[in-house]
Amino acid sequence: MERVIDLSSRIDYEMLFDRKTAQTYYGVEPEPAGRYYDDDRGMVVRTHVDGGPFRQDLIQFEPDVLAFASFGSPFPLPNVRHHVQTVGDEDWIHFMLCLDSAICENVLGQEVVEQERYECTITRYPAKSVIDRMSRLDGQYKIACLWFKPDALLRMLETTESRIPDELFWLKAGRVDRVYHASIPLTTQMYHAVNDVLACNFSGGVRRAFVRSKYLELLSTIYQSLVDQANQKRSFCGDGDHRKVEAVASYLTSNPASKDSLADIARRVGMNRTKLVTTFKEVYGTSVEAYWRDWRLQKARDLLVNRQMSVSEVAQQVGYSEISAFTRAFSKQFGIAPKKYQMK
């Protein structure tokens with residue numbers, strides 16, 4: 001059945017790789033297949049806005065990996081400049097590089113994410129998010145975006161969840177219940193990689209290989225910067241405090257059924273409750289309660305698949321005394337009831 005979308009209100013980026021939808025969205029037909037890419041998994045849109053050029057390169061490397069690079073002067077098309085984006089039934093992770101633009105996102109019902117020029121912002125959107133995105137109209141517009149579902153991000157980085165620092169847990173697979181984001185400054189290397197994509201005159205498979213190599217360069221550079229930033233935060237809070245909150249995290253993951261209060265847990269490591277709350281958030285980017293809940297539910301998911309335990313046994317194993325409460329929490333986190341997940 002043909003999909004229908006109201007472009008005056010919202011857009012799902014995955015749908016832009018349908019030529020008719022893209023033409024409606026941009027107001028101009030993308031360049032013919034074969035001129036730049038062999039099929040519509042890659043498109044180039046070229047037009048003019050009030051006498052100024054606009055160009056966007058769209059590529060779908062895999063169903064769950066998308067990338068966009070855009071240039072407009074003095075500013076982009078209306079639907080690009082201000083639009084409402086929807087996120088489907090799974091979480092997405094967005095890497096946005098603002099080279100000569102500033103962007104404001106209102107993730108409806110959650111929070112506002114502002115991004116200045118010469119910044120890269122990495123944002124995790126929960127499933128079903130609605131994002132009201134607006135570009136500021138002051139100067140030219142140049143951005144690049146990488147979009148991943150969490151499993152795809154690990155695949156593209158050729159790494160595993162165990163190698164992702166605890167502070168960046170929100171880049172791991174599964175579902176999250178709120179927006180997470182971090183920003184890093186653009187480097188000269190990042191800037192040149194985006195310009196190389198926009199300036200590329202190759203076509204066909206050679207173009208696809210070249211563009212892919214530039215986005216992989218961006219991804220690896222940004223990820224390493226995030227890791228370095230996490231390590232700097234760890235040093236900032238002091239080795240002693242960092243070791244204490246690591247001990248808290250270790251205690252929580254070793255005792256998923258514990259009924260200890262935050263004050264009890266803080267006393268275990270020689271901190272007061274307030275210090276624990278603030279330092280834990282600095283190190284792990286989330287609250288103690290949210291970290292514990294997310295870990296318990298991730299553990300529950302592993303138990304359901306790997307050990308073939310019953311749902312009630314799993315619930316007890318991860319500290320839920322009532323199976324109904326466990327079912328609600330699991331369904332909210334992963335978008336599926338535990339019993340159905342086990343039967344997949």
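The values are calculated or read from the model by the stated rules, or taken from the named source; none is laboratory data. Worth saying up front: this structure is predicted, and the values here are computed from it rather than measured. Methodologically, a virtual Cβ is constructed for each residue, glycine included, from the backbone with ideal geometry; neighbour enumeration extends over all protein chains shown. Protein only, heavy atoms only, side chains kept; ligands, DNA and RNA dropped before computing areas. Shrake-Rupley method; radii C 1.70, N 1.55, O 1.52, S 1.80 Å.
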**OP:** Tell me the helices (runs of 4 or more DSSP H) entirely within the stretch 266-344 that contain at least 2 residues that are more than 30 Å from residue 227 (Cβ to Cβ) and out of contact with any Phe, Trp or Tyr (no Cβ under 8 Å at 6 or more places or on another chain).
**Re:** 311-317, 323-334, 338-343
Subject >> Conditions (1) crowded, with 22+ Cβ neighbours inside 10 Å; (2) free of Cβ contacts under 8 Å to residues at least 60 places away in the same chain; (3) within 18 Å of the chain's Cα centre (by Cα); number of the one not met by residue 59 >> reply: (2)
Original post:
Going by the conditions given, is residue 245 under 30 Å from residue 108 (Cβ atoms), open to solvent by less than 60 Å² (accessible area, probe 1.4 Å) and either out of contact with any His (no Cβ under 8 Å at 6 or more places or on another chain) or part of a helix (DSSP H, G or I) (or both)?
Top reply: no
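Considering the stretch 203-229 alone, what residues qualify as being closer than 18 Å to residue 167 by Cβ and modelled with pLDDT of 95 or more? Outline the logic, then answer.
Step one: filter the stretch 203-229 for residues closer than 18 Å to residue 167 by Cβ, giving 222-229.
Those that are closer than 18 Å to residue 167 by Cβ and modelled with pLDDT of 95 or more: 222, 223.
Checking the conditions here, which among 212, 273 is open to solvent by 50 Å² or more (accessible area, probe 1.4 Å), within 28 Å of the chain's Cα centre (by Cα) and basic (Lys, Arg)? Talk me through it step by step, then tell me what you get.
Details: 273 fails: within 28 Å of the chain's Cα centre (by Cα).
Only one candidate passes the filter, namely 212.
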Original post:
If you check residue 258 against the conditions, is it open to solvent by 70 Å² or more (accessible area, probe 1.4 Å) and outside any helix (DSSP H, G or I)?
Top reply: no
Original post:
When the stretch 287-344 is examined, which residues are found to be of a type in the set (S, T, N, Q) and within 21 Å of residue 89 (Cα to Cα)?
Top reply: 298, 327, 331, 333, 342
**OP:** Would you check which residues across the stretch 73-99 are open to solvent by 20 Å² or more (accessible area, probe 1.4 Å) and either among the basic types (Lys, Arg) or assigned to a helix (DSSP H, G or I) (or both) and list them?
**Re:** 78, 79, 81
Original post:
How do the pairs read when you match residues in the stretch 256-274 that are touching a residue at least 24 places away in the same chain (Cβ under 8 Å) and over 21 Å from residue 242 (Cβ atoms) with residues anywhere that are open to solvent by 50 Å² or more (accessible area, probe 1.4 Å) and not charged (D, E, K, R), using Cβ under 8 Å and keeping only pairs 6 or more apart or on different chains?
Top reply: 256/295; 256/317; 257/316; 257/317
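Considering 329, 263, which residue is out of contact with any Ser or Thr (no Cβ under 8 Å at 6 or more places or on another chain) and either of a type in the set (Asp, Glu) or surrounded by 19 or more Cβ atoms within 10 Å (Cβ to Cβ) (or both)? Steps first, please.
Working: 263 fails: either of a type in the set (Asp, Glu) or surrounded by 19 or more Cβ atoms within 10 Å (Cβ to Cβ) (or both).
Selected residue: 329, the only one of 329, 263 that is out of contact with any Ser or Thr (no Cβ under 8 Å at 6 or more places or on another chain) and either of a type in the set (Asp, Glu) or surrounded by 19 or more Cβ atoms within 10 Å (Cβ to Cβ) (or both).
Checking the condition surrounded by fewer than 20 Cβ atoms within 10 Å (Cβ to Cβ), among the aromatic types (Phe, Trp, Tyr) and either in contact with a helix residue (DSSP H, G or I) (Cβ under 6 Å, 6 or more places away or on another chain) or touching a residue at least 12 places away in the same chain (Cβ under 8 Å) (or both), which residue from 125, 118, 141 passes? Talk me through it step by step, then tell me what you get.
On the way: 125 fails: surrounded by fewer than 20 Cβ atoms within 10 Å (Cβ to Cβ); 141 fails: surrounded by fewer than 20 Cβ atoms within 10 Å (Cβ to Cβ).
118 is the lone residue from the list that is surrounded by fewer than 20 Cβ atoms within 10 Å (Cβ to Cβ), among the aromatic types (Phe, Trp, Tyr) and either in contact with a helix residue (DSSP H, G or I) (Cβ under 6 Å, 6 or more places away or on another chain) or touching a residue at least 12 places away in the same chain (Cβ under 8 Å) (or both).
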**OP:** Could you list all residues from the stretch 251-302 that are closer than 26 Å to residue 338 by Cβ and among the polar types (S, T, N, Q)?
**Re:** 253, 254, 255, 258, 286, 287, 298
